[in-house]
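The next block holds one structure in the form of structure tokens; read it before the comments.
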Amino acid sequence: MGTNYDVVIVGGGVVGSSIAYFLSANPDFDGRIAVIERDPYYTASSSSLSTSAIRQQFGTAPNIAMSKFSIDFLRQVKTRLAIGDELADIGLHEPGYLVLATPERADAQRAKHRVQRSMGVDAELIEQVDMAQRFPWLNTDDLSLGSLGLGGEGWFDGPGLMQAFRRKARTQGVDYLAATVTGLTMASSQKVGEVLLDNGDRLAAGTVINAAGPWSAGIARMAGAELPVVPSKRCVFVFETPARIENCPFVFDTSGVWLRPEGQLFLCGIPPVRENEPDDFGLDVDYDLFDELIWPALAHRVPGFEQLRMLRAWAGLYEYNTFDHSGIIGRHPEVSNFILATGFSGHGMMHAAATGSGVSDLIAYGEYRSIDLSAFHYERIASNQPIEEHVY
């Protein structure tokens with residue numbers, strides 16, 4: 001069966017649903033929109049398995065701008081994504097991020113801080129002696145300083161945000177189709193013609209948006225394009241401890257371990273030392289990571305965590321951009337109606353609102369108006385101009 005749509009969005013997670021919301025809410029766009037989601041119950045969706053945090057403490061201006069736009073939107077979610085009298089509550093908390101640095105990393109952290117301050121980020125550098133007083137539960141012996149966000153940083157209900165975008169988009173006329181994209185037909189060498197689905201449907205599309213997350217490289221190949229995006233598994237562990245930590249922010253340790261409170265419990269994780277293969281989309285938890293790397297690092301940094309009990313864990317997939325760990329957003333230079341919104345490398349949830357608004361502008365006006373996302377263009381890959389981002 002053939003159906004015509006002005007815009008077909010491949011991927012109904014938080015990024016795809018944000019685009020669907022902003023575009024369908026745009027008074028200057030009146031076209032038909034379809035979102036194709038292969039996992040309609042979102043059981044393996046990266047958005048459903050996200051730890052759902054937001055920070056301003058990036059090292060590059062484009063990513064900081066994305067975070068500033070997105071936190072402003074998250075603070076307005078209750079009314080912006082309300083349906084009738086039903087408010088959208090995502091439980092936003094803003095206790096800040098604490099990024100720790102050893103003496104070897106101190107200069108790099110100070111350089112990032114200068115960029116952040118130039119962008120209006122509310123963060124302060126805390127020297128070692130002051131950090132021990134501010135956070136007496138931390139072992140600061142091997143630290144030089146910490147960078148603490150004072151506003152616009154924290155965590156929220158990410159799956160709730162995704163569903164709020166989705167519900168609002170549907171009330172605004174967006175069609176959500178439960179299917180898997182099996183191919184793209186080309187109307188010419190520079191234009192996608194149809195989106196082919198596993199149920200036999202063929203969707204004629206004026207514009208196709210690739211927001212397929214970890215699966216986006218495969219979608220791009222259907223249009224004859226290559227993307228440096230691979231699935232990368234991240235494991236999240238939940239633990240309890242008798243230690244009582246007051247006013248705990250989101251902590252990035254020098255070991256790579258991160259932690260944050262969740263009620264009376266804590267969440268933690270670490271970038272994997274054993275990357276999965278590019279075609280491996282498995283979600284099995286690597287429990288050895290906790291025993292061999294995470295627990296020793298936690299006990300070193302927070303002595304009170306020497307006593308803890310891991311309760312449960314889950315794994316989710318990052319859409320990891322191997323080129324520079326930042327999003328790839330905008331029209332493909334060789335396929336005129338093929339737009340990319342992928343490769344966020346763990347930042348998709350926090351930058352979904354900025355991405356949705358910017359891509360909506362690009363479709364409705366042919367240019368960015370609400371936020372300039374031009375730095376994230378695909379062409380930077382071929383010209384080797386990375387937006388390099390590392391937390392530590």
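Amide H contacts of Thr180 (H built 1.01 Å from N, in plane; Pro and chain starts excluded): Asp198, Asn199 sit under 5 Å, all sequence-distant by 5 or more or on other chains.
Report the relative contact order of the chain, percent, no decimals, based on alpha-carbon pairs under 8 angstrom and at least 6 residues apart. Intermediate values should be presented prior to the final figure.
Details: 886 pairs, mean separation 93.0, N = 392.
Rounded, it is 24 percent for the chain.
Sequentially through segment 225-233, phi angles give Karplus couplings (6.51, -1.76, 1.60; θ = phi - 60°) of 10, 10, 10, x, 10, 10, x, 9, 6 Hz, Gly and Pro residues having no value and appearing as x. Within a straight-line Cα-Cα reach of under 25 Å, Lys112 can be paired with the following lysines, leaving aside sequence neighbours fewer than 8 residues apart in one chain: Lys68.
With a 1.4 Å probe rolled over the protein heavy atoms of all chains, the accessible area of Asp157, Asp141 falls in the order Asp141, Asp157, largest first. Here the dipole of segment 1-150 is about 240 debye; that uses its Cα centre as origin and unit charges on the Cβ of Lys and Arg (positive) and Asp and Glu (negative).
Give the ranking of Asp324, Asp291 by solvent-accessible surface, highest area first, calculated with a 1.4 Å probe. Please report the intermediate quantities before stating the final value.
Details: Asp324 0, Asp291 95 Å².
From most accessible down to least: Asp291, Asp324.
Backbone geometry of segment 48-63 corresponds, through the Karplus equation with coefficients 6.51, -1.76 and 1.60 at θ = phi - 60°, to 3J(HN,Hα) couplings of 6, 9, 6, 7, 6, 10, 9, 9, 9, 7, 9, x, 10, 4, x, 6 Hz, x marking Gly and Pro. For Phe266, nonlocal amide neighbours, meaning residues 5 or more places apart or on other chains whose placed amide H falls under 5 Å from its own, are Phe239. If you take all other residues with their beta carbon under 13 Å from the beta carbon of Ser144, and give Lys and Arg +1 and Asp and Glu -1, the sum is -4. The residues of segment 124-204 expose on average 43 square angstrom of accessible surface per residue, using a 1.4 Å probe on protein heavy atoms. In this structure the amide hydrogen of Ile9, modeled in the peptide plane, comes within under 5 Å of the amide hydrogens of Ala34, Val35, Ile36, Ile209, none closer than 5 places in sequence on its chain.
Working note: Karplus 6.51/-1.76/1.60 with θ = phi - 60° gives segment 35-42 the couplings 10, 9, 10, 6, 10, x, 8, 6 Hz, where Gly and Pro are set to x. If you sort His325, His300, His351 by accessible surface, 1.4 Å probe, largest first, the order is His300, His325, His351.
Once all protein chains are placed together, Ile209 keeps about 0 Å² accessible to a 1.4 angstrom probe.
The values are calculated or read from the model by the stated rules, or taken from the named source; none is laboratory data. Quick caveat: nothing in here was measured; it's all calculated off a predicted structure. So basically every Cβ, Gly included, is an ideal-geometry build from the backbone, and we count neighbours across all protein chains shown. Ligands, DNA and RNA are excluded from the accessible area calculation, which covers all protein heavy atoms including side chains. Shrake-Rupley method; radii C 1.70, N 1.55, O 1.52, S 1.80 Å.
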